Amino acid sequence: MEKNEFEDYVKSGKVLQEVQKNAVKKAKVGVKLLELAETIEKEILDLEAGMAFPVNLSLNNIAAHYTPSFKDETLIEEKDVLKIDIGVEVEGFIADASVTMDFSGENGKLVEASEKALENVLSMVKVGTPLGKIGEEIEKTILSYGFKPVENLTGHGLMKYIAHSSPSIPNIAKNDSRAIEDGKAYAIEPFASNGEGRIKEGSQSEIFEFSKAIPLRNLDARKIQEKSIIEFNGLPFAERWLIKEFGETKTKIALRELIGKSSIRMHPILKEDSNVLISQAEHTIVCFEEKIHITTQPKAKD
Ligand code: MN
Ligand code: MN
């Protein structure tokens, strides 16, 4: 990893810290998720960074991949457990972090379970730590709170303009001897569930991503494919971003064609049964000159 690349990782991490701090202040009972998402995304752009993916605002049994639709009326309610998962990029170098908010005050232990799992990993992780050991620490910690880690969601590598690259970092004990490597970046993200700890894909999808370039006759489809490559740089994007420019009907028709022809792929919401609650904690670590830098967490001296 070049020094300037590391510096861009640090910058995206700083922007994320700032935006996350404000998001947590703004997220209150009665606030519309759509408004919260738009505020967060605008702030990222105002700080001269880009979105690495649409802000994920996943409630309760939804673990991930929920971003409000263009006409989303969902309000934050007293009973809610909200995961705010933000992705920021600077020159393609990504910061990915999340926090969970418990509005009723009754799910503090669930929130603490994923936070503590992350904290424990961050205090032990080094260049050379086997990925399986990270999963083991996460599982052990979350089980000690009486919850289950979500076993089919994982942390992941981060690369330039790639929000999810290999390797997957397990959230359960695994015999995975691959190790944390110098010169690489990773997101570590334990999820704690009071259900089974296994998510399924829902039918709804508001997040999309470029997959492959194909010839197209429909002008809007062609423009959207081009945007997904050039403007979004192959990173995930939200349908509502397109609707602002193309309108609802044209966007829906074009997206349907692009998905049908495998130019664009969907990221459906990931959830457990409706009575389940899930918490998530996530930080980005960048390994530079044999040291671990947690780019999305303020330094002790700051
Ligand atoms: Mn994330
Ligand atoms: Mn992530």
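The values are calculated or read from the model by the stated rules, or taken from the named source; none is laboratory data. Every value quoted in this text rests on a predicted model; they were computed, and no experiment measured them. As a convention, Cβ positions derive from the backbone with ideal geometry for all residues, glycine included, and neighbour counts pool all protein chains shown.
The figures follow:
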read-out	value
Top-ranked residue of the range 93-111 - restricted to ones that are crowded, with 19+ Cβ neighbours inside 10 Å and of a type outside the set (A, V, I, L, M), ranked as farthest from Leu16 (Cα to Cα)	Asn107
Test: residue in the range 207-219 that is in a helix (DSSP H, G or I) and either surrounded by fewer than 19 Cβ atoms within 10 Å (Cβ to Cβ) or in the same structural domain as Asp96 (by TED's automatic domain parsing) (or both)	yes
Set Lys174, Lys223, Lys227: member being in a helix (DSSP H, G or I) and either polar (S, T, N, Q) or out of contact with any strand residue (DSSP E or B) (no Cβ under 9 Å at 6 or more places or on another chain) (or both)	Lys223
Matching residues in the range 120-141 - criterion: being surrounded by 16 or more Cβ atoms within 10 Å (Cβ to Cβ) and of a type in the set (D, E, K, R)	Lys133, Glu136, Glu137, Glu139
Selected residue (criterion: farthest from Val19 (Cα to Cα)) from residues of the range 31-58 that are small (Gly, Ala, Ser) and either assigned to a strand (DSSP E or B) or within 14 Å of the chain's Cα centre (by Cα) (or both)	Ser58
All strands (runs of 3 or more DSSP E) inside the range 253-300 with 3 or more residues being crowded, with 23+ Cβ neighbours inside 10 Å and within 16 Å of ligand 2 (Cβ to nearest atom)	278-280, 283-288
Matching option when the condition is over 21 Å from Ala52 (Cα atoms), under 18 Å from the mean Cα position of the chain (by Cα) and in contact (Cβ under 8 Å) with a residue 24 or more places away in the chain, among Arg198, Arg240	Arg198
Test: residue in the range 153-169 that is at pLDDT 95 or above and farther than 28 Å from Lys11 by Cβ	no
Selection within the range 260-302 - of a type in the set (Lys, Arg) and within 25 Å of Thr141 (Cα to Cα)	Lys271, Lys291, Lys299
The range 132-160 residues that are part of a helix (DSSP H, G or I), paired with ones that are away from ligand 1 (no atom under 16 Å from the Cβ) and of a type in the set (S, T, N, Q) (beta carbon under 6 Å, 6 or more apart)	Gly132/Asn175; Glu137/Asn120; Thr141/Asn120
Residue check, Glu106 charged (D, E, K, R) and within 16 Å of ligand 2 (Cβ to nearest atom)	no
Any pair with Cβ under 9 angstrom, 6 or more apart, that starts in the range 162-173 at a residue that is on the phi < 0 side of the Ramachandran plot and ends at one that is within 13 Å of ligand 2 (Cβ to nearest atom) and hydroxyl-bearing (Ser, Thr, Tyr)	Pro167/Thr154; Pro167/Tyr186; Ser168/Thr154; Ile169/Thr154; Ile169/Tyr186; Pro170/Thr154; Asn171/Thr154
Candidate set from the range 179-194 (those that are of a type in the set (D, E, K, R) and surrounded by fewer than 24 Cβ atoms within 10 Å (Cβ to Cβ)); member that is nearest to ligand 1 (Cβ to nearest atom)	Lys184
Scan of the range 81-112 for residues that are aromatic (Phe, Trp, Tyr) and assigned to a strand (DSSP E or B), ordered by number	Phe93
Which numbered condition Ser144 fails, given (1) surrounded by fewer than 17 Cβ atoms within 10 Å (Cβ to Cβ); (2) farther than 26 Å from Leu110 by Cβ; (3) more than 16 Å from ligand 1 (Cβ to nearest atom)	(2)
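Here's the yes/no breakdown for (1) in a helix (DSSP H, G or I); (2) out of contact with any helix residue (DSSP H, G or I) (no Cβ under 6 Å at 6 or more places or on another chain); (3) of a type in the set (A, V, I, L, M):
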| position | (1), (2), (3) |
| --- | --- |
| Lys71 | no, yes, no |
| Lys79 | no, yes, no |
| Ser114 | yes, yes, no |
| Glu119 | yes, yes, no |
| Leu122 | yes, yes, yes |
